[in-house]
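One structure below.
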């Protein structure tokens with residue numbers, strides 16, 4: 001079967017009419033992927049069922065990482081995913097040694113997910129401090145089923161991923177993003193740079209405080225407001241001597257953020 005034969009573009013109208021799901025318009029009739037595992041239909045049948053559901057207008061699928069091979073089935077049947085397809089997942093449950101479904105609180109589930117990856121606080125800190133891209137660690141945890149956004153909503157939306165993980169998984173006292181940013185400002189970390197370079201670093205620090213952005217060294221950050229008002233990316237990087245100089249300055253900023261426990 002060719003890729004063209006497997007096209008699963010959405011027809012209209014959608015079955016059951018439409019409704020809003022987390023700000024997205026979806027068909028009222030969705031597809032629950034758990035039945036693929038429960039009925040043990042086999043891979044070929046599962047792929048055919050999923051493709052048929054999409055052709056019939058279903059555009060949201062309920063799944064979870066503990067639904068056995070279902071996520072693999074969804075990927076193999078539908079990737080690259082059609083525009084408008086909504087995959088709804090969940091956390092807070094897993095299988096025990098006997099394969100029985102066991103539920104737990106979001107906090108307990110999150111703690112277990114983190115400690116499965118990082119057995120101790122020291123191992124997590126070593127990885128976090130060594131990572132040039134903090135987002136890569138967050139992405140790894142999300143691949144294991146840990147979604148930090150709902151956890152932050154439950155615990156404290158003003159915590160960044162570092163503090164959220166350390167607090168929930170290891171019981172470490174947390175600082176808010178504002179507290180971490182203020183600690184950096186008090187120590188005048190940017191004093192050795194010129195006025196324009198300091199303005200860039202101040203703006204990046206404010207982005208961290210307001211939006212929780214952890215990968216501040218991405219040059220694309222220089223293209224978004226209000227940083228783009230200071231100068232062009234080339235002009236701004238030149239204030240640090242070179243791109244390597246800009247990256248060093250951002251690393252110093254990130255080190256300063258997480259130096260305060």
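The values are calculated or read from the model by the stated rules, or taken from the named source; none is laboratory data. What you see is a predicted model, and the numbers here were worked out from it, not measured in a lab. Quick reminder, even Gly has a Cβ in these numbers, built from the backbone with ideal geometry, and neighbours come from all protein chains shown.
Quick check on residue 213: is it surrounded by 12 or more Cβ atoms within 10 Å (Cβ to Cβ) and within 20 Å of residue 137 (Cα to Cα)?
Here the answer is yes, as residue 213 does meet what is asked.
Check off (1) assigned to a helix (DSSP H, G or I); (2) surrounded by 17 or more Cβ atoms within 10 Å (Cβ to Cβ) for residue 234 and give me the number that stays unchecked.
Single failed check for residue 234: (2).
Quick check on my filter: what residues within the stretch 172-221 are in contact with a helix residue (DSSP H, G or I) (Cβ under 9 Å, 6 or more places away or on another chain) and on the phi > 0 side of the Ramachandran plot?
Passing the criteria: only 212.
Any idea which of (1) closer than 21 Å to residue 136 by Cβ; (2) surrounded by 14 or more Cβ atoms within 10 Å (Cβ to Cβ) is the one residue 158 doesn't satisfy?
It fails just one condition, (1).
Tell me, which residue of the stretch 105-129 that is loosely packed, with under 12 Cβ neighbours inside 10 Å and outside any helix (DSSP H, G or I) is modelled with the lowest pLDDT?
105
Check residue 219 against each of (1) surrounded by 12 or more Cβ atoms within 10 Å (Cβ to Cβ); (2) free of Cβ contacts under 8 Å to residues at least 60 places away in the same chain; (3) farther than 15 Å from residue 133 by Cβ and name the one condition it does not meet.
(3)
Quick one: count up the residues across the stretch 176-199 that are modelled with pLDDT under 95, surrounded by 14 or more Cβ atoms within 10 Å (Cβ to Cβ) and not in a helix (DSSP H, G or I).
3
Considering only residues that are in a loop (DSSP other than H, G, I, E, B) and either modelled with pLDDT under 85 or more than 19 Å from residue 78 (Cβ to Cβ) (or both), which ones fall in the stretch 16-52?
Residues satisfying the conditions are 16, 17, 22, 23, 28, 39, 40, 41.
Quick one: is residue 132 in contact (Cβ under 8 Å) with a residue 40 or more places away in the chain, surrounded by 20 or more Cβ atoms within 10 Å (Cβ to Cβ) and either more than 14 Å from the chain's Cα centre (by Cα) or outside the structural domain of residue 247 (by TED's automatic domain parsing) (or both)?
Spelling it out, it is not the case that residue 132 is in contact (Cβ under 8 Å) with a residue 40 or more places away in the chain, surrounded by 20 or more Cβ atoms within 10 Å (Cβ to Cβ) and either more than 14 Å from the chain's Cα centre (by Cα) or outside the structural domain of residue 247 (by TED's automatic domain parsing) (or both).
Looking only at the stretch 69-86, which residues are on the phi > 0 side of the Ramachandran plot and either over 22 Å from the mean Cα position of the chain (by Cα) or not assigned by TED's automatic domain parsing to the domain that holds residue 33 (or both)?
none
Condition test on residue 202, is it part of a loop (DSSP other than H, G, I, E, B), in contact (Cβ under 8 Å) with a residue 12 or more places away in the chain and more than 15 Å from the chain's Cα centre (by Cα)?
no
What about residue 66, is it assigned by TED's automatic domain parsing to the domain that holds residue 28, more than 19 Å from residue 26 (Cβ to Cβ) and in contact with a strand residue (DSSP E or B) (Cβ under 8 Å, 6 or more places away or on another chain)?
Considered against the rule, which asks whether it is assigned by TED's automatic domain parsing to the domain that holds residue 28, more than 19 Å from residue 26 (Cβ to Cβ) and in contact with a strand residue (DSSP E or B) (Cβ under 8 Å, 6 or more places away or on another chain), residue 66 comes out as yes.
With 136, 152 as the choices, which residue is assigned to a helix (DSSP H, G or I), under 23 Å from residue 210 (Cβ atoms) and out of contact with any helix residue (DSSP H, G or I) (no Cβ under 8 Å at 6 or more places or on another chain)?
Of the residues listed, the single one that is assigned to a helix (DSSP H, G or I), under 23 Å from residue 210 (Cβ atoms) and out of contact with any helix residue (DSSP H, G or I) (no Cβ under 8 Å at 6 or more places or on another chain) is 136.
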